[in-house]
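Working notes, beginning with the structure itself.
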Amino acid sequence: MYQADLDTYGQWCDPRTEKLTMRTIGWLDIAVPYVTGPTPVAFHRRLLEHCVHGVLRLMCGVHHCQFCNNEPTRTTLWYGNRKVPCDNGEIWVSGGDVIYVAPAMVYHYVTEHGYCPPDEFIDAVMQGPLPGTAEYCALITRWGMRVCSIM
Ligand SMILES: [Zn+2]
């Protein structure tokens, strides 16, 4: 499901998040060119934490990476010494008064396909709270969500 970066995310209609600005990140499609370029390793590490502790897990079915062309193999990522699927669900990243919503596949797009998301998303990942912290837990509860680990 393609959506342009920083587009308005409109799939969530919980009254708690209605007043929040939600922006899409990394909803890529093979038919639409995307920005490529190097991104910091520290960003990859923090993005990985989001992608193995996403939200809305198992809501929309499994999505195969169009760029790998490896159907029907599921797309996975390495978390420590564990290989875990990353082809289902979303991550929500707090950027202060903006929530960035990306597919859990976004880590795979960044590290395997050179996708370079907008700077403001990279900043939010670097500066916002990580899943597993009390701060993130408080935010996501306020948004009416809960974290779903894929491990
Ligand atoms: Zn891929």
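The values are calculated or read from the model by the stated rules, or taken from the named source; none is laboratory data. A quick note: this is a predicted structure, and the numbers were derived from the prediction, not measured. All Cβ positions, even for glycine, are placed from backbone atoms using ideal geometry, and neighbour counts span all protein chains on display.
Quick notes
- Residue selected from region 54-72 under the condition farther than 23 Å from CYS116 by Cβ and surrounded by 18 or more Cβ atoms within 10 Å (Cβ to Cβ), by the criterion modelled with the highest pLDDT: VAL55
- Scanning region 63-89 for residues that are away from the ligand (no atom under 11 Å from the Cβ), over 13 Å from LEU47 (Cβ atoms) and not in a loop (DSSP other than H, G, I, E, B) turns up TRP78, ARG82, LYS83, VAL84, PRO85.
- Subset of region 77-89 [under 14 Å from the mean Cα position of the chain (by Cα) and surrounded by fewer than 19 Cβ atoms within 10 Å (Cβ to Cβ)]: PRO85
- Residue list for region 90-113, filter: within 11 Å of the chain's Cα centre (by Cα) and within 14 Å of the ligand (Cβ to nearest atom): PRO103, ALA104, MET105, VAL106, TYR107, HIS108, TYR109, VAL110
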